[in-house]
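The values are calculated or read from the model by the stated rules, or taken from the named source; none is laboratory data. This structure is a prediction, so every number in the text was calculated from the model and none was measured. In this analysis, Cβ positions are derived from the backbone assuming ideal geometry, glycine residues included, and neighbour counts consider all displayed protein chains.
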Amino acid sequence: MALPVFRIERLALHARHGAKEAERSLGQRFYLDIVFTADIGAALASDALADSVHYGDVIKAASRTFTAREYNLIEAAGAAVADALLATFPKIAAVSVTVHKPAAPVAAILDMISVTVERSRG
């Protein structure tokens, strides 16, 4: 049986990531999409939160990790979040973190730049 898929979309966070000093001094808004599979077979039968992965706790852990330090690269920030979620939640089997950067300082007209980092156990 396939594992259930959880989705947290467009989590807005203010952080000071970027390779340029202006990005780091002012900070900017980022959006995270977090998709994970979790081995929660017991929760499907018990209907008990203790047997599942609480998405509120996932949001807190992701937010704390993403804003704990400054990263030059959004891919490094996304990898830190993915690694932290696997380390914190043993029921998570695989996780994908997409970091969206709407105000990327590039000479182009675009909505945003994003990068996705995927991690899994084993």
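Scan the helices (runs of 4 or more DSSP H) fully inside the range 20-112 and keep the ones with 2 or more residues being modelled with pLDDT under 95. Don't jump to the end; show me each part of the working.
Values: elements: 21-26, 41-46, 55-67, 74-88.
Those helices (runs of 4 or more DSSP H) span 21-26, 41-46.
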For this session: Could you check Ala22 against (1) in contact (Cβ under 8 Å) with a residue 60 or more places away in the chain; (2) surrounded by 14 or more Cβ atoms within 10 Å (Cβ to Cβ); (3) over 14 Å from the mean Cα position of the chain (by Cα) and say which number it fails?
Result: (2)
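Suppose we filter the range 26-56 for residues that are surrounded by 12 or more Cβ atoms within 10 Å (Cβ to Cβ), in contact with a helix residue (DSSP H, G or I) (Cβ under 8 Å, 6 or more places away or on another chain) and either in contact (Cβ under 8 Å) with a residue 24 or more places away in the chain or aliphatic (A, V, I, L, M) (or both); how many remain?
Filtering the range 26-56 for residues surrounded by 12 or more Cβ atoms within 10 Å (Cβ to Cβ) gives 27-43, 46, 51-53, 55.
Okay, now just the ones that are also in contact with a helix residue (DSSP H, G or I) (Cβ under 8 Å, 6 or more places away or on another chain), so 30, 32, 34, 36, 40, 42-43, 51-52.
Remaining after also requiring either in contact (Cβ under 8 Å) with a residue 24 or more places away in the chain or aliphatic (A, V, I, L, M) (or both): 30, 32, 34, 36, 40, 42-43, 52.
Of the residues in that region, 8 qualify.
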Exercise. What is the number of the single condition among (1) touching a helix residue (DSSP H, G or I) at 6+ places or on another chain (Cβ under 9 Å); (2) within 26 Å of Pro90 (Cβ to Cβ); (3) not acidic (Asp, Glu) that Gly18 does not meet?
Worked result: (2)
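With the requirement that a residue be among the polar types (S, T, N, Q) and within 10 Å of Arg119 (Cα to Cα), what does the range 70-108 give you?
Restricting attention to the range 70-108, the residues satisfying the condition of being among the polar types (S, T, N, Q) are 72, 88, 96, 98.
The one that is among the polar types (S, T, N, Q) and within 10 Å of Arg119 (Cα to Cα): Ser96.
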Problem set entry | Pair list, Cβ under 8 Å, 6 or more apart: the range 58-70 residue closer than 15 Å to Ala38 by Cβ and free of Cβ contacts under 8 Å to residues at least 40 places away in the same chain, other residue of a type in the set (A, V, I, L, M) and assigned to a helix (DSSP H, G or I) | Ala61/Ala84; Ala61/Leu85
For this session: Mind listing whichever residues of the range 63-118 are buried (at least 18 other Cβ atoms within 10 Å of the Cβ) and basic (Lys, Arg)?
Result: Lys101
